[in-house]
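> First the structure, which I've put down as structure tokens, then a few questions once you've had a look.
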Amino acid sequence: MTAGAFWQEEVVYQIYPRSFMDSNGDGIGDLRGIISKLDYLKELGVGIVWLSPVYKSPNDDNGYDISDYRSIMDEFGTMEDWEELLHGLHERGIKLIMDLVVNHSSDEHAWFEESRKSKDNPYRDYYIWRPAGENGGEPNNWLSFFGGSAWQYDEATNEYYLHLFTKKQPDLNWENPKLRREVYDMMNFWLDKGIDGFRMDVINCISKADGLPSAPGGERYAWGGDFFLCGPRLEEYLKEMNEQTLSRYNAMSVGEMPGVPTDLAAVYTDPANRAVNMVFHFETMDIDSGEGGKWNLKPWKLADLKAVTGKWQYALNGKGWNSLYLNNHDQPRMVSRFGDDTVYRKQSAKLLATFLHTLQGTPYIYQGEELGMTNVRFESIDDYRDVELLNFYREAVGERGVPHEQAMASIYAKGRDNARTPMQWNAGPQGGFTTGEPWIGVNPNYTEINAQEALGDPDSIFHYYKRLIALRKKHPIMIYGDYTLLAEEHEQLYAYTRQLGEEKWLVLLNFSGQQIEAGAGLPFEEGAELIISNYGDAAARLDASAELLALRPYEALVYRLA
């Protein structure tokens, strides 16, 4: 592995444009809004911005249904605005990666509009069409990610098309070399404009099993992930993509890969294989999901977080590279999910940040995370906007008779709109996000939790993130050091060391709202240096003669031992 690649050494900040900053009062975040906040990003110290889709789209899935890959969505601005954004980021030493959504397009994309016209249309084979199955219905029994069949009947040609997401997101046919060439040309279009890489949306769905077999079990609809996640030609496609695009530029790539196992992730991210630099896995995101998926809530345990984290730290060490995240535009707010968003909001937000930034890999910050933004609890289902969330509510309450309160409890905990409420800039109307009516409501706690307050408070979560990012730039051990878990059986304490050469650090994290005692099996050393603490008043109280160390609720301590 080549030490020093920018995508290893910088911290990534994800912007969800619709909810970041509105410049013209229409209630929708836009490119000029982002431009107005570039100095905020510079102040934080991030080195890469990941921009969620800004391409032309009917917005059935908030921009992840693209109708024109080479144009900017009117609501977000113009190509000139986008070019100014790119220039403004580069001027500040910040790189830009774009979202690449090529498992599917919008059904309003010109390719699909042609494809559905006739079976012999030149674009027919850009998508996955099949005649009815043996029973006269869908070609197979696959469920879509958003519920219901993954097939949609189209009267014009009396066939079905595949859509692993909404019916307005038909899957592209990667078996077709012409389609792949179109995708690579489009990627080079953006790379030639000067972007620094791509985050690849559900990229491990692009290769489907030969024959598209039904999932076993005989149910009308069943999860078919075994037949479209990390399929037989995925590595081939990723290598071809790299050869035709990314390798010709100094560009990074991170592939979103639900269900990817560690052994394949190590293969895909091995630099020698020239596939992708990093993957997003979802195992951490599944530790509080019961049987049946994300909406079936179960309490998460620290043992599960340790197990998943350790598994990935060990599996990719010296082989590939990890992406480090606890929230994004598809996940609830991390302080509400893995911390305490009430009494210990600041402490637990800082603890979670310490955790992410002291693991081997590249940390990803989702907008507002650095402020400790929390989940939202809208009272009415009518206040929500996310297609996945609304589909769940309709199916659970309307079809299965789940009580409204029970469905809302799942939405409050796991709904994607938790991450999509507007960025909270100040305590003014609408949190300073817009002068108009926002496309989705602002979290009412914006009067206490906002960027203006955080910037003015030296002890804020924002300034703690700033310190962590600065430390990471100063200390290669935070990036490249080996991870070793300690005190594995402790139910509240997460302890581990990082080691690079002769240098060794100890990380102690109290993942509970109670004071705990840490001691047994920990490498206490005389003269250990305290690197960072989330309480701010911690003395260097790691002593070789001490048997126990008391940790306050959600306290995080990082020491240099050698």
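> How high is the relative contact order of the stretch 481-560, given as a whole-number percent (alpha carbon pairs under 8 Å, six or more residues apart)?
Normalised by residue count, the contact order of the stretch 481-560 is 32 percent.
> Two decimals is fine: what's Rg over Rh for the chain, C-alpha atoms, Kirkwood radius as Rh?
Dividing the radius of gyration by the Kirkwood radius yields 0.96.
> What does the helix-only formula give at 222 nm for the chain: each DSSP H stretch with n ≥ 4 adding -39500 (n - 2.57), the total divided by the residues, and the result rounded to the nearest 500 deg cm²/dmol?
-7500 deg cm²/dmol, from helical runs alone.
> Using the Cα centre of the stretch 110-162 as the reference point, and only Cβ charges (+1 on K/R, -1 on D/E), how large is the resulting charge dipole? Debye, rounded to the nearest 20.
About 60 debye.
> If you don't mind, there's one more thing I want to ask. Excluding residues fewer than 8 places away in the same chain, name every one of the lysines whose C-alpha is closer than 22 Å to that of Lys311.
Here the lysines satisfying the reach criterion relative to Lys311 are Lys294, Lys298, Lys301, Lys319, Lys504.
> Dimensions of the stretch 110-162 along principal axes (Cα, Å, largest first)?
29, 24, 15
> Where the centroid of each part is defined by its Cα atoms, how far is the stretch 197-225 from the stretch 422-467 in Å?
Centre-to-centre (Cα) distance: 39 Å.
> A follow-up question, please. Please give the charge dipole size of the stretch 481-560, origin at the Cα centre, charges +1 on K and R Cβ atoms and -1 on D and E Cβ atoms. Round to the nearest 20 debye.
Roughly 220 debye, rounded to the nearest 20.
> Something else about it: Would you work out if the stretch 481-560 is rounded, prolate or oblate? Take a ≥ b ≥ c from the square roots of the eigenvalues of the alpha-carbon gyration tensor; rounded if a/c is under 1.5, else prolate when a/b is larger than b/c, oblate otherwise.
Rounded, because the longest to shortest axis ratio a/c is under 1.5.
> Say the dipole of the chain comes from +1 at the beta carbon of Lys and Arg and -1 at that of Asp and Glu; which of Ala419, Thr245, Met187 then lies farthest toward its positive end?
Thr245
> Just going by the charge dipole of the chain, with Lys and Arg at +1 and Asp and Glu at -1 on Cβ, which of Tyr483, Gly431, Ala556 is farthest out on the positive end?
Result: Tyr483, furthest along the dipole toward the positive end.
> Highest mean first, what order results for 507-514, 130-137, 150-157 on Cβ atoms within 10 Å?
The peptides rank, most packed first, as 507-514, 150-157, 130-137.
> Could I ask something else about it? How large is the charge dipole for the chain, taken about the Cα centre, if only the Cβ atoms of Lys, Arg (+1) and Asp, Glu (-1) carry charge, to the nearest 20 debye?
760 debye
> Same structure again: Once each part is reduced to its C-alpha centroid, what is the distance from the stretch 83-147 to the stretch 1-39 in angstrom?
Between the Cα centres of the stretch 83-147 and the stretch 1-39 lies a distance of 24 Å.
> Over 5 Å intervals from 0, what percent of Cα-Cα pairs in the stretch 25-83 sits in each interval?
4, 17, 25, 24, 17, 10, 3, 0
> Here is a further query. Have a look at Met79, Gly63, Leu96 and report the one farthest towards the positive end of the charge dipole of the stretch 52-121, computed about the Cα centre with Cβ charges (Lys/Arg +1, Asp/Glu -1).
Checking the options against the dipole of the stretch 52-121, the answer is Leu96.
> To continue, here is another question. Looking only at the stretch 366-403, which residues have a backbone nitrogen under 18 Å from a spot 7 Å from the Cα of Asp459 in the C-beta direction?
Correct set: 371-372.
> Which loop-located trypsin sites (Lys or Arg not before Pro) does the stretch 206-248 contain, where loop means any DSSP state but H, G, I, E or B and the Cβ has at most 12 other Cβ atoms within 10 Å?
The qualifying sites are Arg220.
> Relative contact order of the chain: what whole-number percent is it, with Cα pairs under 8 angstrom and at least 6 residues apart?
It comes to 13 percent, rounded to a whole number.
> Something else about it: Which angle from 0 to 90°, rounded to the nearest 10, does the C-alpha axis of helix 234-244 make with the longest principal axis of the chain?
Approximately 90 degrees, to the nearest ten.
A short reminder: the numbers here are calculations on the coordinates, not readings from a lab. This is a predicted model, so every value here is computed, not measured. Note: ideal-geometry Cβ built from the backbone for every residue, glycine included; neighbour counts use all protein chains shown.
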